[in-house]
Each structure stands twice: as structure tokens, then as C-alpha cells.
Amino acid sequence: MKNIQDYTREELAKWLENKGSRAFRAGQIFKWIYLKQANSFDEMTDLGKELRCLLSENFYLGRLVLEEKQVSSDTTEKFLFRLNDGNHIESVLIPEKDHFTLCVSTQVGCAMDCKFCLTAKGGIIRNLTVAEIISQVRDARFYLLQKNIEPLKLSNIVFMGMGEPLANYDNLIKSLRIIMDTDYGMKFAARRVTVSTSGLVPKIAQLGLDTDVNLAISLNATDDKTRSQLMPINNKYPISDLLEACRKFTMKPRNKITFEYILIQGINDSKEDALKLVTLLSPIRAKVNLIPFNEHEASPFKRPAPKQILAFLQILLDRDMTAMTRKSKGADISAACGQLKAKMINKKDQ
């Protein structure tokens, strides 16, 4: 039996037609699943009993199992979800001034082996299905609903959780179609959805052609030697290839590509690094998101001193780059990807 959330509205409409039902019913079903947060087909009262039985015989409609939840002092909430096969993924619900942002995972583990990332320690296990990706969003909105918070206040999504989104490309694109279905799906505007990549160059151009979402690049270094040490993918797709793909990325005139730059003490935080970053990104419609490293026990890397972080930022601003330092949220609950899952695994091993 298949999870109905694996289907886009168009796919479901075609399935219904093949079963002798009307295609427009797919829109009604989508509204029940994604807007009315139905937990079963029996709740879909504007569908005939025969159609509800047909759906129940061929599909299931479920939720992820919330294994653990942690709440930060700044009200950031970290969810550890258990999947049907016993694997685990993480999502992070981040409160903003007047809305919420959800950080979504796309894989169980990750193959990119970035040296600063705890998710990479366990390697890659598998891709998430479409249903597993969008269930993180649907279930987070259901969670808000249970707290008497308007679910649509969760209006922003960043694909920056566990895994490399572009390595699970087909399921990512199908998920985006459901998430950005403004008539019957989750009603997310493209400008409020960001996909982050460590640099899978061949898929970057394709993403621009297939969607209107924002692109974020995890850069983290200004020379190939340093970036290859931090991010092995750079050995296959060096900085020059990555930036060339970014220059060709299709986006709306006012949009900019976000370059994420994790500041690591003594590795990539010098004045020379800042100046070179300006030179590298000047030909691109770019903005820089500086992220002071979030220290954890499994990493030898350290966070730069506040004075060093400010000095790095100021060099960018003085040269007319759009740049900011991301305020760290959820540090007291291990909100960085992979930390909660790693702690759970360590407990089991003890």
C-alpha cells in the first residue's frame, strides 16, 4: 500500500481517472490532507463513501512518529522523527518575528562528508521519499494547530536539514510541487522556499529551470585547498565550476544567491579570506550569510571570537556586499543538524 503523500496533485488526478473517478477530486483530497490536516480518508466528508473506500484500499495517510522533541530557551524546537523503517531524521522549527521557518531534511544521513557537519559522521543511509519530506512540513503545521497557532504562520522552508537536497533531486522537485501548490497544497510562495546545496554543480542549473525557489550555496572557503579539506565534494566540483554554475543560475531579476559561509577559527576567518570572498562573489548577484561555527563534542573546530566575526563582516559591508551574520538559534538544544540523532544513538550504545 502506498502513502498518498508520495503523489503530486497531477499524479493523483491521473490515478483517479484511471479508476473511473473525476480528476477534480484530487484537489478536494489535497485540501483535506494539507489544509484541513485530515488523519484519515473517512474524515473527507465531501467525498462519496465509494471513493473513500477506494482510497483506503489503495493508500494510507499517516504521520511521522515524533521520537523526541527539544525546546530551546529562544523557543526554537527540534524534532527527531522515526520513519517506518526505524531510521531517524530531524527537523527544526524556528520562530521568527511574525512567522515560522522549518528546516527540512531530504536524506537519512549524508554522503558529502563535510568535516564540520555531524550528520556526515554516519554516512548516507538512503534518500527520503516524497512523503517523508513533505510530512515534516505537514506535521509541523499540525503541531502548530494543536498549540492553537495558525498553521499557515509556518510560511518559510529551508532545505538545510540532514542530507544533500540535490542528491535526492527527483523527490525534491516532486515535494516542491506539493509544497508550492497554492490552490490545493501547502500554499508556500516560491520566494519563501530555499534549497541549499554543498555544490552538486550539474543539478544547480536544472534547479533554476525546474523551479523558482531561492538557491543557497554552502561555500565555506575561498580557495580550493581549504574547501576540499572541509568539503570533499570540492575535489569533484572546484570553486571555479561552482561559481560558473551560479552565474548561469536562472532567477528573477531582484533575487540573489545566498552564499553560506561557516566561520571556523584559524581556518577561513582571516582578513585575506574576507577580501578574497568579495573578489569571488562580485561577478554574481550574491548575498553572504556568515554562520559562526556551532561547536560540538565530535568536532575539533572552534568558533571565532566575536571581534573576529565582526571584523570579517565589516570587510564585506565596506565593499558593498550584502552580508549578515546569522544569529544562532537553538544552540542549547543541539539544533545543528545531526546532533540530536547522534545523541540518541550514543545513548543506545551505552
Completion exercise
Checked against the positive end of the charge dipole of the chain (+1 on Cβ of Lys and Arg, -1 on Cβ of Asp and Glu, about the Cα centre), the farthest of Thr222, Leu313, Ile149 is Leu313
Completion exercise
Packing-ranked peptide list from 243-250, 214-221, 74-81, highest mean Cβ count within 10 angstrom first, is 214-221, 74-81, 243-250
Exercise for the section: Provide the solvent-accessible area of Asp273, counting protein heavy atoms only and rolling a 1.4 Å probe, rounded to the nearest 10 Å². Expected result: 20 Å²
Problem - Cα principal axis extents for the range 146-203, largest first, Å - result: 41, 23, 19
Problem - Distance violations [Cα-Cα > 21 Å] among Lys97/Lys327; Lys187/Lys248; Lys203/Lys256; Lys115/Lys236; Lys2/Lys174 - result: Lys187/Lys248
Fill in the blank from the handout: Subtracting the Cα-Cα distance of Glu10 and Ala311 from 0.36 nm times their residue separation yields 103.3 nm
Handout entry: Under 17 Å from the Cα of Lys271 - lysines, other chains or at least 8 residues apart
Key = Lys307
Completion exercise
Taking a crude spin-label model, label points 7 Å out from Cα along the C-beta direction, the Asp318 to Lys153 distance in nm is 4.2 nm
Completion exercise
Probe 1.4 Å, all chains present, heavy atoms only: Ile173 accessible area in Å², nearest 10, is 10 Å²
Practice task
Report, to the nearest 10°, how far helix 306-318 tilts away from the longest principal axis of the Cα atoms in the chain, using its own Cα long axis and a range of 0 to 90°.
Solution key: 90 degrees
Fill in the blank from the handout: Candidates for percent of Cα pairs over 34 Å apart are (1) 38; (2) 27; (3) 31, and the calculated one carries label (2)
Exercise for the section: Any chance you could give the angle, 0 to 90 degrees and rounded to 10, that helix 339-349 forms with the longest Cα principal axis of the chain? Expected result: 80 degrees
Fill in the blank from the handout: Here Rg/Rh (Cα, Kirkwood) for the range 201-248 equals 1.00
Fill in the blank from the handout: Note to self, the chain gives a 222 nm [θ] from helices alone (DSSP H runs n ≥ 4, -39500 (n - 2.57) apiece, / all residues, nearest 500) of -10000 deg cm²/dmol
Handout entry: Listed residues Arg177, Arg319 arranged by accessible area, highest first, probe 1.4 Å
Key = Arg177, Arg319
Practice task
With a Förster radius of 41 Å, plug the Cβ-Cβ distance of Asn84 and Lys271 into 1/(1 + (r/R0)^6) and report the FRET value to the nearest 0.05.
Solution key: 0.20
Exercise for the section: Please list, or write none, the aspartates and glutamates whose alpha carbon is within less than 12 Å of the alpha carbon of Lys153, excluding same-chain residues fewer than 8 places away. Expected result: Glu96, Asp98
Handout entry: Cross-link reach list, aspartates and glutamates versus Lys287, counting only Cα pairs under 18 Å and skipping chain neighbours closer than eight places
Key = Asp212, Glu244, Glu260, Asp269, Asp273, Asp318, Asp320
Practice task
Quick one: what are the phi-derived ³J(HN,Hα) couplings along the range 48-57, Karplus 6.51/-1.76/1.60 with θ = phi - 60°, whole Hz, x for glycine and proline?
Solution key: x, 4, 5, 5, 5, 5, 4, 5, 5, 6
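The values are calculated or read from the model by the stated rules, or taken from the named source; none is laboratory data. All values reported here derive from a predicted model rather than from experimental measurement. Here the Cβ is made from the backbone with ideal geometry for all residues, glycine too, and neighbour counts use every protein chain on show. Note: areas computed on protein heavy atoms with side chains; ligands, DNA, RNA excluded. Shrake-Rupley method; radii C 1.70, N 1.55, O 1.52, S 1.80 Å.
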